[in-house]
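Only one structure is covered here, and it is reproduced in the block below.
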There are 2 protein chains.
Amino acid sequence: MALRHAVLAALLDGEYSGYQLAKIFDVSVSNFWHAVPQQLYSELAKLEAEGLIRGRRVIQHDRPNKRVYTVTQAGLEELERFAATPAKPGIIRENLLVMVQAVDHISAAPVIEQLEERAKIAAAKVEIFRRTLEHLRGDMDEETYLRHGSPIGPYLTCLRGLRFEQENYEWFTSTARLLRERTAARAEEGA
Amino acid sequence: MALRHAVLAALLDGEYSGYQLAKIFDVSVSNFWHAVPQQLYSELAKLEAEGLIRGRRVIQHDRPNKRVYTVTQAGLEELERFAATPAKPGIIRENLLVMVQAVDHISAAPVIEQLEERAKIAAAKVEIFRRTLEHLRGDMDEETYLRHGSPIGPYLTCLRGLRFEQENYEWFTSTARLLRERTAARAEEGA
DNA sequence: AAAGACATGTAAGGTGTTACATGATTAG
DNA sequence: CTAATCATGTAACACCTTACATGTCTTT
């Protein structure tokens, strides 16, 4: 059981519905945990059945009603136990890098296109994270926030996400350029 | 079906057994695809049944016999199709970051310890990747290898892995130090 | 003789992904 | 009235993880 702790950690930040959580996972939490909406709905049901979160129905007039959740004392204790246990090493699964790994043996063109496409997405994420960090620290500068600001957890994980996407951007960009140059060089040799 | 392409890409590099592949996945391929040995054994069986790889028994005298695999023409075509299809965005699952996300609400001490532990592991990986890159490029300097060297795919993915682990190292280290300082500051306030 | 690396596999159970289904409400 | 967003769920299937099982060969 793994997703549960990511959900609990995300819910520490406030009361959220499955739908809201899905959006949060899609942007910020995806820095360290990937999950699709359906996983969240079923995980929330399980967590509530086990008493680690508590749900509350919210009647809305402008849009469909929803059910929002908060972490219970038992949930906090579960997180405490989790953090005291050695974390398994992280896992990555990145199809685009599989393609690059194989690029000596297959057509480079579609790989290059995808690298360029992903560079744009990475650049957009960088911008989102920059703004998220600015928003979190309000009128403090970064050093002050890091020393005294609160909450610090979400700020730190967002910082990691920012760096990761910056590295992605640079690697995607330089790799695409490099493969283009090599393809061009080969075309000239062939000519 | 996802793991298959990572296995095919890894096998482009040469003939490997399941056991060897498991070690390769443990170090270099884990940069972009995580898999445990058992996954590899069963995936290799499936891939061979589908004709995407071909196995060959190797009799060894110094150690138990093994079965090594090479990518077939059909396997190459499968990789070609794969690379021509839009890659799904990558996924990350990192329990240690889940803990940091929650650090405002739980004891920081065990999280800090784990960050320091992981920083050491990241530093060791950085060293391994540096050596792998040196080994790949032989007597060329990096710029020359990037322009003309071969194979370029494994070099590029290793470069990405190196940067990722460098960033990990820096983030683990600075985050651990920061959380220590904040914990110390609180202890003084409390005193 | 025991420990450790090499080498491969079966089976059970847990997790994740995908397709589908349903319906409310707002904005254009 | 159509599309988009909000909101939640069921079910089937694919995939991954873990525990266990087995045996070879080398090193200490």
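Some points to look at:
- Placing +1 on the Cβ of every Lys and Arg and -1 on the Cβ of every Asp and Glu, with nothing else charged, gives the range B:25-99 a dipole about its Cα centre of roughly 240 debye.
- Here's how it looks for A:Y16: its modeled amide H is under 5 Å from those of A:Y69, which are all 5 or more places away or on a different chain.
- Computed over the range A:95-190, relative contact order equals 43 percent, with contacts defined as Cα pairs under 8 Å that lie 6+ residues apart.
- Ellipsoid semi-axes for the protein assembly as shown, based on the Cα gyration tensor and the rule √(5λ), read 40, 24, 22 Å when sorted largest first.
- DSSP H segments from chain A that extend 30 Å or more along their own axis, Cα-based, with Kyte-Doolittle mean of -1.0 or above: A:109-137, A:153-190
- Between copies, the label points of A:D104, set 7 Å from Cα on the Cα→Cβ line, lie 4.9 nm apart, reported in increasing order to one decimal in nanometres.
- Rounded FRET efficiency, nearest 0.05, which uses the C-beta distance separating B:R131 from A:K88 and R0 of 22 Å: 0.30
- Cα centroids of the range A:98-140 and the range A:142-191: 7 Å apart.
- This ranking places A:Y69, B:Y155 by how few other beta-carbon atoms lie within 10 Å of each, fewest first, which gives B:Y155, A:Y69.
- For chain A, averaging the sequence separation of C-alpha pairs within contact (under 8 Å, six or more residues apart) and dividing by the residue count gives a relative contact order of 20 percent.
- 19 Å Cα-Cα threshold exceeded, pairs from A:K125/B:K88; B:K23/B:K88; A:K88/B:K120; A:K88/B:K125; A:K23/A:K88; A:K88/B:K46: B:K23/B:K88; A:K23/A:K88; A:K88/B:K46
- Shielding by other protein chains, A:110-120, mean Cβ within 10 Å: 2
- For B:S174, inter-copy separations between label points set 7 Å beyond Cα along the Cβ vector come to 1.8 nm, shortest first.
- Residues in the range B:45-67 reached by a label modelled at B:Y19 [backbone nitrogen below 19 Å; 7 Å Cα→Cβ]: B:45, B:55-67
- Sorted from shortest to longest, the distances between the A:E143 label points of this copy and the other copies are 3.5 nm, with each point 7 Å from Cα along the line through the beta carbon.
- Here the Debye sum runs over all C-alpha atoms of the range B:70-191 as equal scatterers in vacuum, and log10 of I(q)/I(0) at q = 0.16 Å⁻¹ comes out as -0.93.
- Between the range A:27-60 and the range B:26-41, the C-alpha centres lie 29 angstrom from each other.
Every number here is computed from the coordinates shown, using simple stated rules; none is lab data. Here the structure is a predicted model, which means the values were calculated and not measured. Please note: Cβ atoms are built from the backbone with ideal geometry, for glycine as well, and neighbour counts cover all protein chains shown.
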